[in-house]
Amino acid sequence: MIKVDLQYSGLEKNDLNETKVKDIHKMIINKTGKGNDFLGWLEWPKTFDKNEYEKMKKAASSLRDKIDVLVVVGIGGSYLGIRAADEMIRGINNFDKIKIVYAGHTMSSTYVAQLSKYLKNKKFGICVISKSGTTTEPGLAFRTLEQQLNEQVGIEKSKDLIVAITDKSKGALKTLADNKGYLTFVIPDNIGGRFSVLTPVGIFPLLVAGVNTDKIFTGAIKAMNNLVQDNLTNEAYKYAAARNALYNKGYKAEALVSYELQMQYINEWWKQLFGESEGKDGKGLYPTSMIFSTDLHSLGQWVQQGTRGVLFESVIKIVEPVNDMKITKDKDDLDGLNYLVGKTFHEINSTAIEGVIDAHVNSGKMPNIILEFEKMDEEMLGYLVYFFELAVAMSGYLLEVNPFDQPGVEIYKYNMFKLLGKPGVK
Ligand code: PA5
């Protein structure tokens with residue numbers, strides 16, 4: 001469950017446009033709004049193909065047995081959700097059998113060369129993901145890593161170590177995978193990249209990593225069942241309406257704040273989800289993020305005393321930690337910390353949240369929306385993905401933009417193709 005608490009937001013009930021929320025709810029449910037061809041994620045947790053899911057589980061388990069490292073090749077919606085889910089669920093420094101590394105999200109020659117060196121003599125497999133099947137960055141990374149795998153294990157063995165996730169029929173990746181005999185899984189036509197975490201895009205790599213994806217779907221279905229009201233008792237709509245109200249009051253940026261380091265890529269995924277969905281037609285909050293305590297010792301100064309009226313914070317509070325540790329007694333107490341003996345790290349972290357909210361809201365005059373997350377596990381991941389997807393649909397429609405396209409991303413691609421001399425691009 002996610003609860004939205006607006007007591008520190010500075011908003012009054014009538015700042016939130018409930019009438020518009022109700023109208024937009026109808027538009028979402030009846031699929032009559034802009035970009036309605038891309039609302040497949042709305043029912044997906046209940047309607048996805050269970051036979052395909054079983055096939056994925058088998059293929060993932062067989063790949064898992066053969067490798068130690070999985071290279072996930074993809075960018076944007078074909079990258080961020082996987083990393084967000086994996087780091088939130090398995091943690092950053094895990095000792096699990098499979099390590100996931102990423103490629104295709106950068107064209108840094110140094111990164112690619114160092115990754116290639118790291119993979120030398122490692123038992124690795126590749127999961128290449130691209131909905132369009134034509135994106136340059138993952139295309140180039142895949143070409144390079146596929147060649148390396150062929151050299152390391154031979155073309156025949158490579159076939160069992162490469163899985164492609166792409167469109168059912170279109171795009172270069174589909175043609176390539178079919179020609180070379182790689183296993184493929186489909187990204188549905190009606191689900192856009194940044195809404196695709198719960199499709200094979202996220203689910204297949206997470207299965208290879210050994211994550212319990214059934215629980216992810218349990219969480220997503222809980223969210224589907226909970227977030228059905230057409231009004232502000234729907235917590236996802238309450239969040240959307242609050243951020244929209246702050247935007248209308250002049251705030252132009254929102255920082256998603258988490259006190260859990262392993263939520264860093266949830267922040268990154270959220271930034272893409274909201275940034276690509278809303279930043280168009282000269283509108284949209286600028287989504288940024290911070291991890292506290294880390295950023296309290298850098299951006300915290302700006303948040304407390306820098307330019308006012310621009311930024312507000314949306315603060316994630318985790319109620320139940322996955323693990324906790326007690327502070328133990330030191331006989332000399334040279335660091336002077338014995339006064340904390342008996343408390344746990346989570347209790348202290350929670351106290352920090354209270355102290356920071358008080359400092360930022362009361363003395364810093366920085367509006368805060370509080371997002372209370374029950375815990376940080378597979379179920380929560382499914383829940384939060386659905387929660388934010390529904391929230392961004394509402395929020396984008398409140399702004400009167402199409403939340404499901406990203407025409408701006410095409411402009412750099414066109415320029416790059418022109419400069420590189422891609423055939424057919426003038
Ligand atoms: O949300 C989106 O649609 C984008 O961010 C895409 O996911 C990103 O551009 C990658 O595209 P593709 O999966 O086609 O390679």
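The values are calculated or read from the model by the stated rules, or taken from the named source; none is laboratory data. Keep in mind the model is a prediction, meaning the values are calculated, not measured. With ideal geometry, Cβ positions are generated from the backbone for all residues, glycine too; neighbour counts draw on all protein chains shown. Note: accessible area is taken over every heavy atom of the protein model, side chains too, but ligands, DNA and RNA are not part of it. Shrake-Rupley method; radii C 1.70, N 1.55, O 1.52, S 1.80 Å.
Which residue out of 285, 299, 273, 227 is in contact with a Phe, Trp or Tyr (Cβ under 9 Å, 6 or more places away or on another chain) and closer than 24 Å to residue 364 by Cα?
The unique qualifying residue is 285.
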Among the residues of the range 410-423, is any acidic (Asp, Glu), open to solvent by 40 Å² or more (accessible area, probe 1.4 Å) and at positive phi?
no
Any chance residue 386 is among the hydroxyl-bearing types (Ser, Thr, Tyr) and open to solvent by less than 30 Å² (accessible area, probe 1.4 Å):
yes
I'd like the full set of residues that are surrounded by fewer than 19 Cβ atoms within 10 Å (Cβ to Cβ) and among the hydroxyl-bearing types (Ser, Thr, Tyr), limited to the range 356-383.
363
Among 218, 213, the single one that is surrounded by 18 or more Cβ atoms within 10 Å (Cβ to Cβ) and under 15 Å from residue 381 (Cα atoms) is 213
What are the residues in the range 274-283 that are open to solvent by 10 Å² or more (accessible area, probe 1.4 Å) and either part of a strand (DSSP E or B) or within 16 Å of the ligand (Cβ to nearest atom) (or both), if any?
275, 276, 279, 280
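Tell me which residues, restricted to the range 224-253, are more than 18 Å from residue 5 (Cβ to Cβ) and either buried (at least 23 other Cβ atoms within 10 Å of the Cβ) or of a type in the set (A, V, I, L, M, F, W, C) (or both).
224, 228, 253
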Could you tell me whether any residue of the range 43-52 is surrounded by 14 or more Cβ atoms within 10 Å (Cβ to Cβ), within 16 Å of the ligand (Cβ to nearest atom) and assigned to a helix (DSSP H, G or I)?
yes
When you scan the range 86-103, do you find a residue that is farther than 27 Å from residue 152 by Cβ, touching a residue at least 40 places away in the same chain (Cβ under 8 Å), open to solvent by less than 70 Å² (accessible area, probe 1.4 Å) and within 13 Å of the ligand (Cβ to nearest atom), even just one?
no
Scan the range 264-273 and tell me whether some residue there is in a helix (DSSP H, G or I), closer than 19 Å to residue 241 by Cβ and modelled with pLDDT of 95 or more.
yes
Only one of 80, 16, 11 is within 15 Å of the ligand (Cβ to nearest atom), open to solvent by 10 Å² or more (accessible area, probe 1.4 Å) and closer than 25 Å to residue 270 by Cα; which?
80
Here is a check on your reading of the model: is residue 75 loosely packed, with under 15 Cβ neighbours inside 10 Å, of a type in the set (Val, Ile, Thr) and in contact with a helix residue (DSSP H, G or I) (Cβ under 7 Å, 6 or more places away or on another chain)?
no
Just checking, how many residues over the range 305-322 are under 18 Å from residue 351 (Cβ atoms) and either touching a Leu at 6+ places or on another chain (Cβ under 6 Å) or open to solvent by 20 Å² or more (accessible area, probe 1.4 Å) (or both)?
5
Filter result for residue 425 (in a loop (DSSP other than H, G, I, E, B), free of Cβ contacts under 8 Å to residues at least 12 places away in the same chain and of a type outside the set (D, E, K, R)):
yes
Only one of these is more than 24 Å from the chain's Cα centre (by Cα), under 25 Å from residue 184 (Cβ atoms) and not aromatic (Phe, Trp, Tyr): 62, 78. Name it.
62
Is at least one residue of the range 126-135 closer than 30 Å to residue 373 by Cβ, touching a Leu at 6+ places or on another chain (Cβ under 8 Å), of a type in the set (Gly, Ala, Ser) and within 16 Å of the ligand (Cβ to nearest atom)?
no
Considering only helices (runs of 4 or more DSSP H) fully contained in the range 112-191, which possess at least 1 residues that are more than 26 Å from residue 65 (Cβ to Cβ), open to solvent by 30 Å² or more (accessible area, probe 1.4 Å) and touching a residue at least 12 places away in the same chain (Cβ under 8 Å)?
136-153, 172-180
